[in-house]
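The values are calculated or read from the model by the stated rules, or taken from the named source; none is laboratory data. Quick caveat, the model's predicted, so the values are computed rather than measured. Note that each Cβ is placed from the backbone with ideal geometry, even for glycine, and that neighbours are counted across all protein chains shown. Calculation scope for accessible area: heavy atoms of the full protein, side chains included, ligands and nucleic acids excluded. Shrake-Rupley method; radii C 1.70, N 1.55, O 1.52, S 1.80 Å.
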Amino acid sequence: MVRSLLIRGMIAGFLASLLAFGFAKVVGEPQVDRAIAFEMQMEQAKSGAHEHDAAPELVSREVQSGIGLFIGVGVFGTAVGGLFALVFAFVYGRIGALYARATSMLMALFGFIAFVLVPFLKYPPNPPAVGDPGTIGSRTALFFTMIGLSLAALAIALFVARKLAARFGTWNATLSASAVFLGLVLLAQWLLPEVNEIPDQFSAVLLWRFRMASFGIQAVLWTGLGVLFGSLVERLLEERHSAYRIS
């Protein structure tokens with residue numbers, strides 16, 4: 001059963017990544033091109049020359065924005081889909097009397113909040129030309145720390161909701177768990193240091209568009225994953241339940 005769910009999760013993740021790739025290609029890549037153009041202008045200004053010899057590219061921009069982007073998004077989406085399926089196998093039937101599609105969509109919502117929304121609010125992605133290369137290690141560590149704390153807060157909130165549901169009802173338990181999650185996330189974001197390495201000359205409009213494009217790519221991926229996985233596993237689980245009833 002787990003193997004069947006895992007395969008469907010990876011398929012759903014790959015299909016969702018195709019949607020995310022299309023969004024990234026149409027909405028995200030133009031912002032990256034503009035950011036690269038700004039970076040080149042800044043390098044020219046620092047060198048004091050109107051023309052300079054650019055370092056040879058190991059991978060061309062055309063490859064990066066085409067097959068490179070496709071492979072990167074595809075591998076990421078497939079991996080996320082596989083992990084999504086494993087978590088689904090564990091939680092299905094344990095979070096109330098929800099059907100497969102509803103469980104899948106709820107998991108996608110929780111995953112998007114924990115993996116994307118919360119880290120985005122503290123450490124939003126930056127385009128090329130933004131950020132000190134010397135701090136990339138510390139910035140990456142802080143970003144993944146925020147993801148870990150977000151997941152921990154979500155796990156604690158779900159535990160609180162399950163404990164309170166029987167005594168106070170689902171609605172009150174949900175409100176209490178939401179307050180716990182929000183409080184823990186706000187505490188984590190307050191304790192972690194700020195990172196602000198945006199050049200003064202960088203376009204605020206371009207920065208906003210790049211971040212919204214990055215946010216949109218993740219939204220498309222997680223929404224597609226929730227819908228597609230729910231559709232793929234619904235018939236499988238219904239057939240399994242029907243077999244149990246017949247036997």
Residue match in the range 198-217 (condition: at pLDDT below 95, assigned to a helix (DSSP H, G or I), open to solvent by less than 40 Å² (accessible area, probe 1.4 Å) and of a type in the set (F, W, Y)): yes
Tabulated pairs, the range 128-154, first of a type in the set (K, R) and at pLDDT 75 or above, second surrounded by 15 or more Cβ atoms within 10 Å (Cβ to Cβ) and part of a loop (DSSP other than H, G, I, E, B), C-beta under 8 angstrom, 6+ apart or interchain: R139/Y123; R139/G131; R139/V195
Scope the range 2-17; condition open to solvent by 20 Å² or more (accessible area, probe 1.4 Å), farther than 12 Å from W222 by Cα and not polar (S, T, N, Q); matching residues: V2, R3, L6, I7, R8, M10, I11
Verdict on V195 being open to solvent by less than 60 Å² (accessible area, probe 1.4 Å) and in contact with a Lys or Arg (Cβ under 6 Å, 6 or more places away or on another chain): yes
Extreme residue, farthest from the chain's Cα centre (by Cα), among residues of the range 113-150 that are aliphatic (A, V, I, L, M) and open to solvent by less than 40 Å² (accessible area, probe 1.4 Å): A129
Which listed residue is within 19 Å of L228 (Cα to Cα) and surrounded by fewer than 17 Cβ atoms within 10 Å (Cβ to Cβ), from Y99, Y92: Y99
Hey, F76 closer than 15 Å to F215 by Cα, in contact (Cβ under 8 Å) with a residue 12 or more places away in the chain and open to solvent by 30 Å² or more (accessible area, probe 1.4 Å) or not: no
Filter pass, L106 being out of contact with any helix residue (DSSP H, G or I) (no Cβ under 6 Å at 6 or more places or on another chain) and loosely packed, with under 15 Cβ neighbours inside 10 Å: no
Residues of the range 97-115 classified as outside any helix (DSSP H, G or I) and in contact (Cβ under 8 Å) with a residue 12 or more places away in the chain, total: 1
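Residue by residue through the range 155-193, note down the ones that are of a type in the set (G, A, S), free of Cβ contacts under 8 Å to residues at least 12 places away in the same chain and closer than 22 Å to V87 by Cα.
If the condition is that a residue be of a type in the set (G, A, S), free of Cβ contacts under 8 Å to residues at least 12 places away in the same chain and closer than 22 Å to V87 by Cα, then A155, A165 are the ones that fit.
For the range 79-89, name all the residues that are open to solvent by 60 Å² or more (accessible area, probe 1.4 Å) and in contact (Cβ under 8 Å) with a residue 40 or more places away in the chain.
Across the range 79-89, the qualifying residues are L83, L86.
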Among residues of the range 18-59, those that are at pLDDT below 70, within 25 Å of G77 (Cα to Cα) and either surrounded by 15 or more Cβ atoms within 10 Å (Cβ to Cβ) or among the small types (G, A, S) (or both), counted: 0
